[in-house]
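First the structure, in the form of C-alpha cells, and then the observations on it.
Values in this text are rule-based calculations from the coordinates and carry no lab data. Quick caveat: nothing in here was measured; it's all calculated off a predicted structure. So basically every Cβ, Gly included, is an ideal-geometry build from the backbone, and we count neighbours across all protein chains shown.
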Amino acid sequence: MPDPTTSVATDDLDEAAAVGELARLADELAAHDRRYYQDEAPTISDGDYDALKQRNSAIEARFPHLRREDSPSLRVGPARAASFSPVTHGVPMLSLDNAFSDDDAVEFDARIRRFLRLGEEAVAYTAEPKIDGLSASIRYENGVLVRGATRGDGRVGEDVTANLKTVGEIPHRLAGSGWPEMIEVRGEIYFGHADFAALNAGAEAAGQRTYVNPRNAASGSLRQIDPKITAARSLRFFAYAWGEVSAPFAESQWQALEMLKSWGFQVTPHATRVEGVEGLLDAYARMATQRPHLSFDIDGVVYKVDRLDWQARLGFVSRSPRWAVARKFPAEQARTVLEAIDIQVGRTGAVTPVARLRPVTVGGVVVVNATLHNADEIARKDVRIGDTVVVQRAGDVIPQIVEVVLDERPAGAEPFIFPDRCPCPLATPLARETTVSGAETVVRRCTGEFACPFQRIEHLKHFVSRRAFDIEGLGEKQLTAFYEEGLIAEPADIFRLARNEAILAALRVRDGYGETSVRNLVAAITARRQAPLDRFIFSLGIRHVGETTALTMARGYGDGETFLAAMDRVAARDPVAMEELDALDQVGGAVVAAAGAYFAEDHNRRIVQALKNELTILDAERPKTDTPVAGKTVVFTGALERMTRDEAKAGAERLGAKVASSVSKKTDIVVAGPGAGSKLKTATELGIAVMSEDEWLALIGGGDAPRV
Ligand code: IVH
C-alpha cells in the first residue's frame, strides 16, 4: 500500500489525476473494509486507515463533482460480502413508515380507522420497542431450522444460515407445539450494550479498529465468512414477525408473540398491548423513559394493529405495511462548521447541494456531509459557508442541517449564491422543474440531458448498478474509465464492447487486465443479454420508476414488445395507452408523465432501441389466466361495503384482471355499489355487464374480502 502521507499532495492533483486517485482510494479502502469486517484481518493501523479516508475527503472537497457513488466518505456500514448466496424471500421483508410526533401517531390511528371504516371503535395495537439491529428471516420446516437470511434489499437477502445457527437465542428446533409445518420467523439480530463494549475493548486491545455502534457490530458480525467468528460474538435475537407460513397460527400480533415465545424465541419483554390513540401515546412515553435503562439500543416504538385479519385488510403501500408504523425517537444532533457547499448532478440531471462539514460525531457516527436538498432550502435556512450549523442524523437517513447558529456567524459570511449553470464542463444552464400542471418546483435540473457528461455517467452507473444489470467486473471504476476513454457512451455499448475484437484485444494488454479478466468480463456481459423485463425497465432510469414500479409495469405489459409499443403510444399522448399505464397498481400521473417525456425524446428512444437489439428480453410472469376474471377489464364504482377500493383492486389484479378507473368500450365488468353515477350510466349505455359487490365476490369465488 502506498504510504498516504507520501503520495502526491492533494493540492497538486489535476482533475484527471484526481479521478484516478479517487478510484484507487475507493478500491483500497473497500479492500481494507473487507479485511477488517469480513476477514477480521486488518493490514493497516487505524491511523493509516483514517489518513486514507481523509485524503479521499480532501480530494473530494477540491473536486466535488468527481465524488464517486461508491465513495468511502458516503459509506457508513460495511459493504456486502460477496460470498453469501442470494435468497429470495418468499414474502418480501418490508420496511416501516416512520412517525415522528404525537400528531403522526394520531394520524396513523385515524388512517387505520378510516381504511377499516370503524367509526368510534378503538383499535387495539401492540407497541414494541424498535430494536436497532438488523433483521433476519429464519425458515423452519417441520420445526427444524433449515435456512436463515439477511433482509438484503427486502426481496433478496443473503444466506447466512451457518452464522445464524451460532446465535444462542435462535432455536435449531422449535419447542412446544402449534407451529406451522413451515414458517419463516423474522426478528432483529442485535448486540447488547455490555457485549458491544467487550467486543470493542477486545478490538482496541488487539490494535484493531472498533465498530462505531452496536448495529454496525451486529451487521459486521453476522456477515462473517467464517461462522466461528460469528459464534464468538454474543449476538442476540428478538423475534417479532414472520414471513411465509404454511398455515395461520395466531389471530393477533399479541398472540403471535406469545406463540413465538412458547417455541423458544426471545420476544421483547417491553412490548405492550394498548388501545386507541391514548394507548399509543402512553406506550411511546413509557418506552422513552425505559430507553436509558435498557441493555440494548432501541430507536423508537413500533405500533402494529393487533388483529391479523385487519392487518390483512390493511395490506401494504409500496414497501411498508399500512398496519404498522415506527414512531421514532427524536434525532440526535450536534454542532459543527459548514466548510463548503458543493453541487452534485444526479442521473436525471437534478442538482443537489451538499454541505461539506467539519467532521463531527452525531449519535456515534462521524458526519462529514449533509444534504441541503435544494436552492430554496439554502435560502430559507440562510445557510452560509463558514456558519456553525446544527446537524442531525436519525437512523440511516442522510444527515441534515437543522438550523444555523446565528450568534456564531463569522463576520463577512455572504449569502450563498446558487449557481445557474451545471458544474459539468458544458456549464449548461440549470432550469427549474415544473410539475405536470405547470407549477414550478424546487428542483433544478441541468438541461443538458445526455449531452451533460455528468448525467451520462450517472445514467450508465445506474444501468450497471446491482439492482439493474449488475454486471460482474464492470463496477463504477471500470465503467468510468471506459466512459472516459470513449469505449462506452450508452448502455448498448457495453454489449457491443463484448463482441468487439479490436477493443477486447486492446483490453487484454492493458494494465490491470489480462486474458482471464477480459474473458470473465465478456462472460459476465453475455450472461446479462437475457434480461427480465422488469430489470430492463428499471435500468432505463425513467424518473419515478423504481424497482417496484418497474415490476408492476413488467407484469402489466408482459413482454418487451408490448411494453415498448405502449410507451410509444404514451409518448404520443394516446389517451387509452395513458389510461392503461395509469391503471396499473402503484402507477400514478407522475409516472405516466415521466414515461411519456422519456419516450418522447428521440435520443432516449434510440438508446433504448439500441439496447433492446443487444438483448433477449424475458417475458414477465404472466398474470393468472385460469380464473373467471383473467384478462377482463374491471371498473369499480360507487361505495364498496365489504372491501376497500385498494383491496378490490389488488384482489382483481391478483386474479389476472385489469382494473381501470373509467368505463370505455374495453371495459368488461363494472362493479357498482350504492351511489354509483356516471360510470354506471356509461356502462349501461355501452351494454357492459354490471354487477353488485356481492355478485363480484361470488364470481371470484370468495365471500371473504380478498386479502391484500
Ligand atoms: S416489524 C413489515 N417490529 O425495523 C415490517 N420491525 O423499519 C415488519 N425493527 O426492518 C417489521 N424492531 O429491522 C418490526 N419490533 C419490531 C422491530 C422492527 C426493529 C426493524 C426491522 C425492520 C425495520 C423497519
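Points to keep in mind about this one:
- Cα Rg over Rh - region 176-316, Kirkwood: 1.03
- Length added when fully stretched, Ala565-Thr684, from 0.36 nm per residue minus Cα-Cα: 39.7 nm
- Peptide packing: for 626-632, 578-584, the average count of neighbouring Cβ atoms within 10 Å per residue gives the ranking 578-584, 626-632, highest mean first.
- Neighbour counting of Cβ atoms within 10 Å sorts the residues Leu426, Leu507, fewest neighbours leading, into Leu426, Leu507.
- Region 530-592 and region 285-354 have Cα centres lying 30 Å from one another.
- Descending semi-axes in whole angstrom, ellipsoid equivalent of region 262-339, from the Cα gyration tensor: 27, 19, 14
- Using the Cβ-Cβ distance between Val442 and Ala194 with R0 set to 56 Å, the FRET efficiency from 1/(1 + (r/R0)^6) comes to roughly 0.75.
- Modelled FRET efficiency - R0 56 Å, Ala232 with Glu278, Cβ distances, 0.05 increments: 0.75
- Here the peptides 135-146, 648-659 are ranked by packing, the mean other Cβ count within 10 Å, and the order with the highest first is 648-659, 135-146.
- Label sites at Ala340 and Asp50, each approximated as a point 7 angstrom past Cα along Cα to Cβ, lie 2.2 nm apart.
- Relative frequency of Cα-Cα separations exceeding 20 Å in region 464-610, percent: 51 percent
- Taking amide H positions as modeled 1.01 Å from N, with prolines and chain starts lacking one, the residues under 5 Å from Leu618 and 5 or more places away or on another chain are Ala531, Leu533.
- 13 Å cut-off, amide nitrogen to a point 7 angstrom out along Arg645 Cα→Cβ, residues in region 533-573: none
- Of Lys632/Lys681; Lys328/Lys624; Lys130/Lys658; Lys328/Lys649; Lys381/Lys461; Lys130/Lys461, those spanning more than 30 Å from alpha-carbon to alpha-carbon: Lys328/Lys624; Lys130/Lys658; Lys328/Lys649; Lys381/Lys461; Lys130/Lys461
- Ile131, Ile112 arranged by Cβ crowding within 10 Å, fewest neighbours leading: Ile112, Ile131
- Using a Förster distance of 22 Å, the FRET efficiency for His270-Phe100 (Cβ separation, nearest 0.05): 0.60
- Whole-number percent relative contact order across region 523-589, with pairs defined as alpha carbons under 8 Å at least 6 apart: 26 percent
- Theoretical ellipticity at 222 nm over the chain - DSSP helices of four or more residues, -39500 (n - 2.57) apiece, nearest 500: -11000 deg cm²/dmol
- Gain on full stretching of the segment that runs from Glu449 to Ser262 - 0.36 nm per residue minus C-alpha separation: 61.4 nm
- Stokes-Einstein translational diffusion, the chain - Kirkwood Rh over all Cα pairs, 0.890 mPa s, 25 °C, in µm²/s: 86 µm²/s
- Built amide H within the under 5 Å cut-off of Ser252, gap 5+: Leu308
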